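The values are calculated or read from the model by the stated rules, or taken from the named source; none is laboratory data. All figures in this text were calculated on a predicted structure; none of them were measured in a lab. Cβ atoms come from the backbone with ideal geometry, glycine included; neighbour counts cover every protein chain shown.
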Amino acid sequence: MLTRRPLRPTRHDEGNVLVWVLFYFLLLYFIALSFTDSSFLEGLISINHRQAAQAFEMADGGVLVGVEEIYAILKSDYSQSQDIPAELILSKQKWILNESGKEMGFYLENPKCIYVDDDECRFQFVSRGFSSPAQRDLLAEVQVEFLDIYIIAADGGLVFDRREFIPPAKLISLEYVAEQ
C-alpha cells in the first residue's frame with residue numbers, strides 16, 4: 001500500500017538566510033573598503049607632510065646661506081667704501097639638490113638694505129625652499145655690525161680709511177610667509 005507523506009505546510013521564508021548572509025557580507029565589504037580608503041588618505045597626508053617639512057628645512061638652510069653670503073659680500077666688496085648698497089647681488093641665487101631622482105633646493109632673493117646706522121646695517125630677503133610639489137617661504141632680517149676706521153690726515157683732520165665688518169652677521173628676525 002502506498003503511504004502518503006504528510007504534506008508540509010508552505011513556508012515563504014526559505015530565502016531569508018541567504019539575504020541576511022549577503023547583507024552582512026556587503027556590510028563587512030564596505031567596512032574593509034573604508035579602512036582601505038582611510039589608510040590610503042593617511043599615506044597621502046604623510047607624504048605631503050614630509051614634502052612640506054623638507055621644503056621648510058630647505059628654506060631654513062637657505063636663510064643660513066643667505067646670512068653668510070651677506071657678510072661675505074659686504075666684507076669683500078664694501079670694506080673700502082662708506083656706502084652700504086641698497087641691494088646686494090648674490091652670485092648664486094638657486095641651489096638644487098637631487099635626492100633619489102626628486103628635485104629639492106632653495107632660492108634666495110637678493111637681500112635689500114632696510115636700515116643703516118653709524119655702526120650697523122640690516123638686510124631683508126626671502127628664502128624659498130622647495131621639495132616638489134611643496135614650497136615654503138621664510139622672510140629673514142639680518143644685522144651686520146661694522147666699525148669705520150679713520151686715519152689722521154696731514155692737515156690734522158680725520159679721513160676714512162676702511163670699514164671693518166664685525167663677524168658674525170646675526171639673524172635677528174625670521175618669519176614664515178604664508179602662501180597666497
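Look through region 98-115, keep the residues that are loosely packed, with under 14 Cβ neighbours inside 10 Å and more than 20 Å from Ala59 (Cβ to Cβ), and return whichever of them is farthest from the chain's Cα centre (by Cα).
That would be Tyr115.
Which of the residues that make up region 129-180 are surrounded by 10 or more Cβ atoms within 10 Å (Cβ to Cβ) and either at pLDDT below 90 or acidic (Asp, Glu) (or both)?
Ser132, Asp137, Glu141, Glu145, Asp148, Asp161, Glu164, Glu175
Where in region 69-180 are there strands (runs of 3 or more DSSP E), lying wholly inside it, with at least 3 residues that are among the charged types (D, E, K, R)?
120-131, 134-152, 158-177
List pairs: first in region 126-141 and in contact (Cβ under 8 Å) with a residue 40 or more places away in the chain and farther than 30 Å from Val116 by Cβ, second charged (D, E, K, R) and in a strand (DSSP E or B), Cβ under 7 Å, 6+ apart or cross-chain?
The qualifying pairs are Ser132/Lys102; Ser132/Glu103; Gln135/Arg128.
Regarding Gln93, is this residue touching a strand residue (DSSP E or B) at 6+ places or on another chain (Cβ under 8 Å), of a type in the set (S, T, N, Q) and within 13 Å of Ser127 (Cα to Cα)?
Yes.
Among the residues of region 73-97, which ones are under 25 Å from the mean Cα position of the chain (by Cα), modelled with pLDDT of 95 or more, hydrophobic (A, V, I, L, M, F, W, C) and surrounded by fewer than 16 Cβ atoms within 10 Å (Cβ to Cβ)?
Correct list: Ile89 only.
Looking at (1) at pLDDT 95 or above; (2) out of contact with any Gly (no Cβ under 8 Å at 6 or more places or on another chain), which one does Tyr107 not meet, given that it meets all the others?
Unmet condition: (2).
Taking Leu33 as the residue in question, decide whether it is out of contact with any strand residue (DSSP E or B) (no Cβ under 6 Å at 6 or more places or on another chain), closer than 27 Å to Lys102 by Cα, modelled with pLDDT under 85 and in a helix (DSSP H, G or I).
No, not satisfied.
Residues that are surrounded by 14 or more Cβ atoms within 10 Å (Cβ to Cβ) and polar (S, T, N, Q): does region 38-59 have at least one?
Taking every residue of region 38-59 in turn, at least one turns out to be surrounded by 14 or more Cβ atoms within 10 Å (Cβ to Cβ) and polar (S, T, N, Q).
Cβ-Cβ below 6 Å, separation at least six or inter-chain, first residue in region 39-65 and at negative phi, second of a type in the set (S, T, N, Q): which pairs?
Filtered contacts from region 39-65: Gln51/Ser131; Gln54/Ser131; Ala55/Ser131; Ala55/Gln135; Ala59/Ser127; Gly62/Ser127; Val63/Ser127.
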